[in-house]
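Structure first, commentary second.
The values are calculated or read from the model by the stated rules, or taken from the named source; none is laboratory data. The structure displayed is predicted, hence computed values, not measured ones. Quick reminder, even Gly has a Cβ in these numbers, built from the backbone with ideal geometry, and neighbours come from all protein chains shown.
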Amino acid sequence: MTTNTAVPTVTLNNGTEIPQLGFGVFQVEPEKTQEVVESALGVGYRHIDTAAIYGNEEGVGAAIAASGIARDDLYVTTKLWNSNHKRDKALAAFDQSLERLGLDFVDLYLIHWPVPMYGEYVEAWKALEEILASGRAKTIGVSNFLPDHLQDLFAASDIVPAVNQIELHPELQQRDVTEFCKQHGIAIEAWSPLASGQIVDREDVAAIAEKYGKTAAQVTLRWHLDEGRIVFPKSNNPDRQRENFDILDFSLTPDELAVFDSLDAGRRVGADPATASFR
């Protein structure tokens with residue numbers, strides 16, 4: 001058990017550091033985003049994860065501007081949407097995201113989905129390389145990429161994605177993807193780390209939570225951190241934001257980690273990257 005309450009960081013393959021615990025704004029209504037993000041920043045979050053398709057980059061930017069927090073103390077991620085994989089569209093989409101955010105740069109820019117049936121994600125990656133070279137994105141990566149999609153990038157580029165943001169929670173652990181990424185120095189970010197609120201209801205998980213005086217959600221998030229993953233739970237509720245942040249004063253034992261590791265059931269709450277075709 002540890003009493004360290006500082007947010008840990010993960011060192012990425014380009015030498016930069018990312019806060020391991022962040023705040024996500026998926027499905028946060030645009031008109032509420034500034035208030036919600038200001039609340040999260042007040043709790044202590046300094047890593048904000050958004051995307052063009054969420055429609056709330058402006059609200060994120062407004063919250064950052066109103067916060068008075070130094071830009072260097074924040075970590076901001078946004079993402080390229082699936083209809084903009086062609087080079088010129090990708091470059092224009094990035095410019096638009098920066099403008100909406102009101103920022104000179106983002107810390108991390110991701111391809112949101114590979115949508116492999118359109119065969120354009122390698123072209124999108126080459127566009128991200130240009131953005132990286134411009135300095136307006138400090139780091140580039142991907143989201144929802146499977147090993148074969150990553151192999152295509154390796155064949156076309158010398159730049160290995162710094163992160164792969166994938167659906168990952170106790171009942172969907174994607175060990176084939178995570179092991180492949182580990183072998184290639186790609187950090188894993190877990191989206192839907194709590195399975196969209198469908199927390200595993202089991203006595204052994206409840207016992208772990210009771211031991212630490214935490215909730216099942218809190219010990220699940222701690223499992224992610226102890227396994228080295230980056231997480232960014234989301235909530236509009238300030239109390240829940242605080243609860244999700246209050247996971248830094250303990251760590252799980254190997255036996256407790258094994259309880260969560262045993263829960264994998266291959267159950268997705270989101271789309272399958274192999275077949276997802278939405279644009």
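Contact annotation: no residue pair with Cβ atoms under 9 Å, 6 or more positions apart or on different chains, pairs a residue in the stretch 164-176 that is without any contact (Cβ under 8 Å) to a residue 24 or more places away in the chain and closer than 12 Å to V269 by Cα with a partner that is part of a strand (DSSP E or B) and of a type outside the set (K, R). Quick check, is D104 farther than 25 Å from T11 by Cα, at pLDDT 95 or above and of a type in the set (D, E)? So D104 fails the test. Every residue in the stretch 187-206 that is in a helix (DSSP H, G or I) and surrounded by fewer than 19 Cβ atoms within 10 Å (Cβ to Cβ), please. Once the filter is applied, which keeps residues that are in a helix (DSSP H, G or I) and surrounded by fewer than 19 Cβ atoms within 10 Å (Cβ to Cβ), the stretch 187-206 yields S196, G197, E203, D204, A206.
Every residue, every condition in (1) at positive phi; (2) touching a residue at least 24 places away in the same chain (Cβ under 8 Å); (3) in a helix (DSSP H, G or I); (4) crowded, with 19+ Cβ neighbours inside 10 Å, yes or no:
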site	(1), (2), (3), (4)
A6	no, yes, no, no
V28	no, yes, no, yes
T33	no, yes, yes, yes
V36	no, yes, yes, yes
V60	no, yes, yes, yes
I64	no, yes, yes, yes
T77	no, yes, no, yes
F94	no, yes, yes, yes
D104	no, yes, no, no
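Looking only at residues in the stretch 172-186 that are crowded, with 17+ Cβ neighbours inside 10 Å and assigned to a loop (DSSP other than H, G, I, E, B), which one is nearest to the chain's Cα centre (by Cα)?
Initial filter on the stretch 172-186 (crowded, with 17+ Cβ neighbours inside 10 Å): 172-174, 177-178, 180-181, 186.
Cutting the leftovers down to assigned to a loop (DSSP other than H, G, I, E, B) gives us 173-174, 186.
Details: Q173: 15, Q174: 15, I186: 13 Å.
Only one residue fits best here, namely I186.
Within the stretch 184-204, residues that are touching a residue at least 40 places away in the same chain (Cβ under 8 Å) and among the polar types (S, T, N, Q) have Cβ atoms under 9 Å from residues that are surrounded by 15 or more Cβ atoms within 10 Å (Cβ to Cβ) and assigned to a strand (DSSP E or B) in these pairs: S192/E167; S192/H169; S192/L172; S196/H169; Q198/H169, counting only partners at least 6 apart in sequence or on another chain.
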